[in-house]
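Nothing in this text is a laboratory measurement; each read-out follows from the coordinates by a stated rule. Just so we're clear, the structure is a prediction, and the values are computed from it rather than from any experiment. Note: ideal-geometry Cβ built from the backbone for every residue, glycine included; neighbour counts use all protein chains shown.
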Amino acid sequence: MNLLIQSTHPIQTETLNHLVGLSRAERTVQISNSAYRLIDAQPHPEIDAYCLEQRIDYGFVPQGRSLCDFGLLVMDMDSTLISIECIDEIADMQGLKPQVAAITESAMRGEIDFAESLRRRVALLEGLDEHALQRVYDERLKLNPGAEAMLAKMKEYGIRTMLVSGGFLFFTERLKPRLGLDYTHANSLEVVGGKLTGKVLGKVFDAQGKADWLLRIRDELKLGPEQVIAMGDGANDLKMMAQAGVSIAYHAKPVVRVQASYALNFVGLDGLVNLLGEN
């Protein structure tokens, strides 16, 4: 195994040497001043706590693994590909952000059923002018750091990209052409007379829906599970992440971090490129 370490700040020589000693790595390869690959490394019980203390993301990656091994990247949208929770920002237009955000947070921790939480949140938006959605997209929606670099690298390797969201098609369908994504799917808000009705059209696209779409596209592309990467941050992403050969918890809730193959707690989305690059 190789041990990949990366951070948002330069990794000091003392820190690098300590991790080399803990992992008994044979040699190091510098990727940048904030990322290193420790070759032929071994797990050690102190690595996790030390990296957390130093604000370093790490992962043990099989030697020989590279992005050439993968054919599909599946991503959550809110708080993963983008920095906001869209529904919370829509609710802010109604002066209801604290109430909606509290339900969102509880759902992402896995404390309440996602479909029920979404219905409760959307109900609070009843009567809001549909132009509020465009305002959120124009004024508040930001990509998370490293998103465009990560997606460019996926294209370079011929890896298809899919955005699945328990949020709304209004946003996924605008991000699709903007970012050159191959597939998107999300929930539809009902609009009547230019106003939100407080209802979701059709069946709620939930955790199982995300997993089902991953399987559908994976089979369509004739890929094996080991050729799929899934990335998310909340409990609603766990079912789809379980269907992927590699799962990435991105700045995620604890319930997600403990079940993922790897966790990126500090670096941006382009940390995926360092992690699964040439090993």
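Quick look at the numbers
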read-out: Interchain or long-range residues, amide H under 5 Å from LEU72's placed H; value: ARG160, ILE229
read-out: Karplus (6.51, -1.76, 1.60) ³J(HN,Hα), θ = phi - 60°, over the range 210-226, in Hz, Gly and Pro reported as x; value: 4, 4, 5, 5, 4, 5, 4, 6, 4, 5, 4, 8, 6, 9, x, x, 5
read-out: The chain: translational diffusion in µm²/s, Stokes-Einstein, Kirkwood Rh over Cα pairs, 10 °C, 1.306 mPa s; value: 81 µm²/s
read-out: Among the listed pairs LYS155/LYS203; LYS142/LYS176; LYS142/LYS253; LYS195/LYS239, those beyond 23 Å (Cα-Cα); value: LYS155/LYS203; LYS195/LYS239
read-out: Distance between the range 154-222 and the range 53-72 - C-alpha centres, whole angstrom; value: 26 Å
read-out: Residue among SER32, SER106, SER247 with the largest mean-square fluctuation in a Gaussian network model of the chain, springs linking Cα atoms under 10 Å; value: SER32
read-out: Helix-only CD estimate at 222 nm, as mean residue ellipticity for the chain, using -39500 (n - 2.57) per DSSP H run (n ≥ 4); value: -10500 deg cm²/dmol
read-out: Overall Cα dimensions of the range 83-147, principal axis frame, Å, largest first; value: 34, 30, 18
read-out: For the range 1-63: span of alpha carbons on each principal axis (Å, largest first); value: 25, 23, 18
read-out: Under Karplus coefficients 6.51, -1.76 and 1.60, residue-wise ³J(HN,Hα) of the range 133-149 in Hz, glycine/proline x; value: 5, 5, 4, 4, 5, 6, 9, 10, 6, 10, 6, 6, x, x, 4, 5, 5
read-out: Folded to 0 to 90 degrees: helix 97-108 orientation relative to the chain principal axis, Cα; value: 50 degrees
read-out: For THR80, net neighbour charge (Lys/Arg +1, Asp/Glu -1) across residues whose Cβ lies under 12 Å away; value: -3
